[in-house]
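Let me begin by presenting the structure, written as structure tokens, before commenting on it.
The values are calculated or read from the model by the stated rules, or taken from the named source; none is laboratory data. This is a predicted model, so every value here is computed, not measured. Quick reminder, even Gly has a Cβ in these numbers, built from the backbone with ideal geometry, and neighbours come from all protein chains shown. Quick note on the areas: whole protein, heavy atoms, side chains included, nothing else; ligands and nucleic acids left out. Shrake-Rupley method; radii C 1.70, N 1.55, O 1.52, S 1.80 Å.
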Amino acid sequence: MTTINDVLSIGHLIGRTMTDVSTYDEVRDPGRLTDVVARVAVGTAVDVNRAVESAHQAYRSWKDVAPAERARLLLEAADVLAGCAEDLAPLLVREHGGVLWEAQTDFALGTGVLQHTASLTEEFFTPVQFDDEQSFISVERVPRGVVGAVVPWNMPVVLTMMKLAPALATGNTLVLKPSPFAPAALTVALQRMAQKLPDGVINVVHGNADVGQALTSHPLVRKVGFTGGTATARQVMASAAGTIKNLTLELGGNDPAIVLDDVDIDAALERMLKGVFTRSGQICFAVKRIYVPRSLYDTFADALCDRVGQYAVGHGLDESASFGPLNNKAQYDSVTALIEGTKNSSAKVVQLGSKLESAGDGYYVLPHVVRDVEHVAPISSCEQFGPVVPLIAYDDEEKVVEWANDSEYGLGSSVWTTDTERGLAMARRIEAGSTFINTHAFESLDLRMPFGGVKQSGIGREFGEAGMREYVEEHSIRLLK
Ligand code: NAD
């Protein structure tokens, strides 16, 4: 068990062992900048090589472990992860800035992904076979080899499990590079999980962009699973191009929420607000622009502002906090610059809510609603990744579909209506990996639904069978009779 005041030293995880290193960076609490939460190893390409060699060695035997046995071991690892929430969720709060329920949700969702993937594993490997007069054909799924995974800081546990679970279930081994902004709770959890698995199946190497680049270009890495920003993904694709690696990319979003004119405003806001400001808006598939029929615009905007006005921002361990600080200085600077820039436009920027005493010298930003926004304004066309949401009025449904799709992104989206058929018809016209009807928050996710983006929101899908397919090759075998 770790206790709340421990300053952990987080080394690389090579096999089951956390290694000591010579260089560490401090990880500070974004909600209390004087607090050092952990020290994290600063890796190099040499560390990446050791981790990849460890994974490569483990791959030789892990690929031949029967799928049912791999599933059993994953379920044991899932139990370990579930047990980690008690002592590690508070640590996660102190490094990534979210409130406690958000950190607990990260562990719970991660555990669910492991369990769901394990439940599909045996059947996933049933070969597709044809036996006729001419031939016997068997199409078999085989693992790819060493997987290099890179994750961001906002939901580090579940985003890691979305790669680890399908990779390991299908017989690959893993080298993970966490974000330097939330490395500690995740690495301790992985070290505990690794004790349930053969040595070298899970490895972790810490560091910055150079370490990510060394991992995503390493010749022994056959597959890259990346979650992060779209700009970083371009660099990852370039790194992976040298050895033609397979990629799954989960990237940024600018999710539209389309309110239809038959909406029940109170019921819609009750659900919509479970997502808009969660993690201070730092969720890839959070609502990032709301389109409202002009006839309902003022009523909707007033009702939204009334509710958001009740939010209190504070430290993540303060039980009264609705949400916590932004995660890091670059994030804080970009969100505050965006808000200040919008104040110089024709839009009306409304700052709401209050700061609790626990909000000290961290990266706190109060919730903002931006009214009377043009569809083309920067505040509605970018991924804000902060507690600020623009409201855009529309006059007809053709226009709102055009606007919703007028984005380089296509991750999530939602339609809000009391008419199911209308909602389904509108959903089918949206260019996105997921379209939710009357929901747009963590509770919208279902592991039976593949998760991912279109356009520059990503390549490939995670969750369930679709996610597992990303980690295997099809091996076609034919006997000519
Ligand atoms: P980021 O792109 O800055 O960093 C992500 C990870 O990539 C970090 O571990 C970072 O150290 C690493 N990295 C940086 N440069 C690299 C390089 N050249 N090669 C390899 N790795 C490199 O993203 P962030 O600021 O940590 O996270 C926020 C972004 O992540 C947002 O755009 C958000 O939308 C996105 N995100 C997407 C999803 C999704 O599922 N689609 C989920 C969560 C976050």
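Sorted by mean Cβ packing within 10 Å, highest first, what order do the peptides 467-478, 26-37, 275-286 take? Write out the running numbers ahead of the final one.
On the way: 467-478: 17.2, 26-37: 19.7, 275-286: 25.6.
Packing order, densest peptide first, comes out as 275-286, 26-37, 467-478.
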message: Can you give me the angle between helix 156-169 and the longest principal axis of the chain, using Cα atoms only, in degrees from 0 to 90, rounded to the nearest 10?
response: 30
- prompt: Using alpha-carbon positions, what is the distance between the centroids of region 335-371 and region 377-413, in Å?
  reply: 19
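Rolling a 1.4 angstrom probe over the protein heavy atoms, how many square angstrom per residue are accessible across region 255-447?
Values: 7600 Å² over 193 residues.
Ligands and nucleic acids excluded, the result is 39 Å² per residue.
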- prompt: Modelled label-to-label distance, D419 and T44, 7 Å Cα→beta-carbon offset: nm?
  reply: 6.6
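Given a cut-off of 32 Å, name the pairs among K288/K355; K177/K329; K163/K288; K163/K343; K274/K455; K63/K288 whose C-alpha atoms lie farther apart than that in the structure shown. Intermediate values should be presented prior to the final figure.
Details: K288/K355 23 Å; K177/K329 21 Å; K163/K288 25 Å; K163/K343 40 Å; K274/K455 26 Å; K63/K288 42 Å.
Pairs exceeding the cut-off: K163/K343; K63/K288.
How do the peptides 367-377, 130-140, 103-113 rank, highest first, by the average count of neighbouring beta carbon atoms within 10 Å per residue? Let's see the in-between values first.
Details: 367-377: 20.3, 130-140: 11.6, 103-113: 23.1.
Descending packing order for the listed peptides: 103-113, 367-377, 130-140.
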query: How high is the relative contact order of the chain, in percent, with contacts defined as C-alpha pairs under 8 Å that are six or more residues apart?
result: 19
field: Calculated P(r) tail over 32 Å for the chain, as whole % of Cα pairs
entry: 41
message: Considering only protein heavy atoms and a probe of 1.4 Å, how much of the accessible area of region 260-348 is carbon and sulfur, as a whole percent?
response: 46
- request: Read phi for every residue in region 340-357 and hand back ³J(HN,Hα) as whole Hz from Karplus 6.51 cos²θ - 1.76 cosθ + 1.60, θ = phi - 60°, with x for Gly and Pro.
  value: 4, x, 5, 5, 8, 9, 6, 6, 9, 8, 10, 8, 10, x, 9, 9, 7, 4
query: In a solvent-free Debye calculation with one equal scatterer on each Cα, what is log10 I(q)/I(0) for region 179-338 at q = 0.16 Å⁻¹, listed in the order of the q values?
result: -1.08
- request: Calculate one ³J(HN,Hα) per residue across region 300-316 by plugging θ = phi - 60° into the Karplus curve 6.51 cos²θ - 1.76 cosθ + 1.60, and present them in order as whole Hz with x for glycine and proline.
  value: 5, 5, 5, 5, 5, 5, 4, 5, 5, x, 8, 6, 10, 9, x, 5, x
field: 0 to 90° range, to nearest 10: angle between helix 100-124 axis and the chain longest Cα axis
entry: 40
Highest to lowest packing among 394-400, 299-305, scored as the average C-beta count within 10 Å: 299-305, 394-400
field: Computed Rg/Rh of region 260-394, alpha carbon atoms with Kirkwood Rh
entry: 0.95
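Kindly provide the helix-only [θ] at 222 nm of the chain, computed as the sum of -39,500 (n - 2.57) over DSSP H runs of four or more divided by all residues, to the nearest 500 deg cm²/dmol? Don't skip to the end; give the middle numbers.
Working: 14 runs with 181 residues, N = 481.
Rounded to the nearest 500, it is -12000 deg cm²/dmol.
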- prompt: Separation between the E140 and E465 pseudo-spin-labels, each 7 Å from Cα along Cα→Cβ, expressed in nm?
  reply: 2.1
